[in-house]
Amino acid sequence: MNPGIFNKQYLMTAGPTPLPPRVSQVMAEPITYHRAPAFVEVYERALERLPKVFKTGNDVLSFAASGSGAMESAVANLVVPGESAVVAAAGKFGQRWAELCDAFGADTIQLEFEWGEKVNPERVDEALGALDRPVRALFATQSETSTGVLNDIRALAEVARSHDTILAVDAISGLGAVDLPQDEWGVDVVIGGSQKSLMTPPGLAFASVSERALAAAAENPGRRYYFDWAKTAEGQRERPANSPFTPAVTLWRALDVALDLIFEEGLEDVFERHAILARAARAGIEAMGLERFGPDDPDANVVTAARMPDSIDGAAVPRLMRDRFGITVAGGQGHLKGKIVRIAHCGYYGAFDIVVALTGLEMAVRELGHDAEPGAAVGAAERVFFEAGVAPEPVT
């Protein structure tokens with residue numbers, strides 16, 4: 001086999017995700033001073049538009065960090081050592097909330113759900129009701145990237161309100177791919193990151209914080225500095241907008257352009273594009289005789305996970321796809337390592353990205369011994385695109 005035939009590289013992971021050329025190009029411009037008018041104009045414009053992605057009237061507080069930095073900001077501002085914090089976890093990133101709460105000295109109550117299942121709001125409600133002490137905050141994950149499962153944040157917000165508990169949600173991979181109308185659902189804190197559906201490199205972290213959550217943080221001073229919400233909110237509300245620390249100026253330029261692209265497409269159309277891509281990925285996985293991992297959910301449009309057959313070495317699939325075919329996908333994490341393969345479709349992805357990923361997966365599992373009909377996955381994906389009205393009708 002001529003290895004040069006597969007010389008192009010395709011990134012199909014849920015973060016970092018591919019960058020639109022316009023985003024890459026603006027980062028090559030000369031760097032600017034973060035207090036110069038040329039940068040402040042970009043900074044203020046992006047800060048003004050970010051809440052539209054969160055669908056909120058809140059300030060979206062920003063930090064030069066990965067998304068986990070914004071998660072840490074939520075814990076640092078809400079958790080009081082020795083007091084209860086509840087974490088609803090159904091995957092690796094749900095567990096990260098628990099690890100953060102432990103690090104800040106909370107009496108962490110972790111409600112664990114099977115990886116590949118949704119968090120059950122009724123069980124969370126029962127757990128909160130059974131406690132004989134108040135709970136300062138409930139921490140949950142919208143899109144559990146390690147499994148592809150999308151949790152019911154609207155229901156969890158109702159549970160949190162009924163117990164007068166603040167809800168903080170990690171929406172790092174889902175923000176900009178699936179809808180989470182923060183104000184309509186009454187979610188107190190929504191966490192985001194630049195490197196996934198926002199089509200920007202890693203390094204910007206966001207926390208959209210309600211006035212209720214800001215008030216709760218003010219009652220809990222100390223034990224934080226860089227991630228202090230009040231300090232960040234005060235600076236961003238100044239005119240001109242200010243940051244208490246040096247912002248990642250090049251990344252803000254990139255985000256400004258990425259937001260242009262999102263609103264040029266239209267946020268609702270962005271959500272629909274992700275839904276079509278996810279349907280195509282699910283159809284292709286099933287067509288090659290693989291089982292999808294996780295429940296049937298038409299809203300799980302961030303990552304699609306395929307369970308690897310016991311008859312093949314599942315851990316070899318991502319490696320083969322990367323090293324032989326130039327397609328980088330993610331394998332399983334934790335106890336799912338070698339058992340699933342995850343194809344992302346959050347951010348700068350289109351129909352042919354899904355076709356390429358499915359083709360690579362089909363070729364890899366066939367080489368490792370799985371009996372899949374060549375081209376079956378692509379045919380199934382094409383039918384989804386036809387049914388969605390984005391591909392020509394097949395000739396019969």
Task: Straight-distance crosslink candidates among aspartates and glutamates, where the alpha carbon sits under 12 Å from Lys339 and sequence neighbours closer than 8 are dropped - done: Glu291, Asp310, Asp313
Open item on the list: Below 8 Å, C-alpha to C-alpha, sequence gap of six or more: please give me the relative contact order for the chain in percent.
Closed with: 22
TODO: Quote the charge dipole size of segment 258-339 about the Cα centre in Debye, to the nearest 20; the model charges only the Cβ of Lys and Arg (+1) and of Asp and Glu (-1).
DONE: 640
Task: Euclidean distance of C-alpha centroids, segment 145-218 and segment 63-88, integer Å - done: 12
TODO: May I ask for the longest run of the chain untouched by GluC sites (Glu not before Pro) that are loop-located per DSSP and have at most 13 neighbouring C-beta atoms (other than their own) within 10 Å?
DONE: 239-396
Task: Radius of gyration and maximum dimension Dmax of segment 130-216, Cα, Å - done: 13.4, 44
Task: segment 168-233: C-alpha gyration tensor shape, a/c 1.5 cut-off, then a/b vs b/c - done: oblate
- [ ] Pick out which of Ala280, Ala177, Ala316 has the largest mean-square fluctuation in a Gaussian network model of the chain, springs linking Cα atoms closer than 10 Å.
- [x] Ala316
- [ ] Mind grabbing the accessible area of Lys55 for me, 1.4 Å probe, Å², rounded to tens?
- [x] 60
Open item on the list: Please report the antiparallel percentage of DSSP beta bridges with both residues in segment 166-298, rounded to the nearest 5.
Closed with: 55
Task: Computed [θ] at 222 nm, deg cm²/dmol, the chain (DSSP H ≥ 4; -39,500 (n - 2.57); rounded to nearest 500) - done: -13000 deg cm²/dmol
Task: Inter-probe distance in nm under a simple model that places probes 7 Å from Cα toward Cβ, at Ala36 and Glu211 - done: 3.8
- [ ] Provide the per residue accessible area, probe 1.4 Å, for segment 319-396, rounded to a whole number of square angstrom.
- [x] 49
Task: Subset of Lys52/Lys231; Lys8/Lys52; Lys118/Lys231; Lys118/Lys196 violating a 28 Å alpha-carbon distance limit - done: Lys8/Lys52; Lys118/Lys231
Task: Candidates Asp260, Asp132, Asp179: whichever shows maximal mean-square fluctuation once the chain is modelled as a Gaussian network with Cα springs under 10 Å - done: Asp132
TODO: Search the structure for amide H atoms under 5 Å from the amide H of Arg292, placed 1.01 Å from N in the peptide plane, and list their residues when 5 or more places away or on another chain.
DONE: Arg307
Task: Semi-axis lengths (Å, descending) of the ellipsoid that matches the C-alpha gyration tensor of the chain - done: 36, 26, 18
Task: Residue (of Gly105, Ala380, Ser66) at the positive-pole extreme of the chain, dipole from beta-carbon charges - done: Ser66
Task: Counting DSSP beta bridges with both ends in the chain, the antiparallel % (nearest 5) - done: 50
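The values are calculated or read from the model by the stated rules, or taken from the named source; none is laboratory data. Nothing here was measured: the structure is a model prediction, and the numbers come from that model. Cβ sites come from the backbone with ideal geometry, for glycine too, and all protein chains shown count toward neighbours. These accessible areas exclude ligands, DNA and RNA; they are computed on the full protein's heavy atoms, side chains included. Shrake-Rupley method; radii C 1.70, N 1.55, O 1.52, S 1.80 Å.
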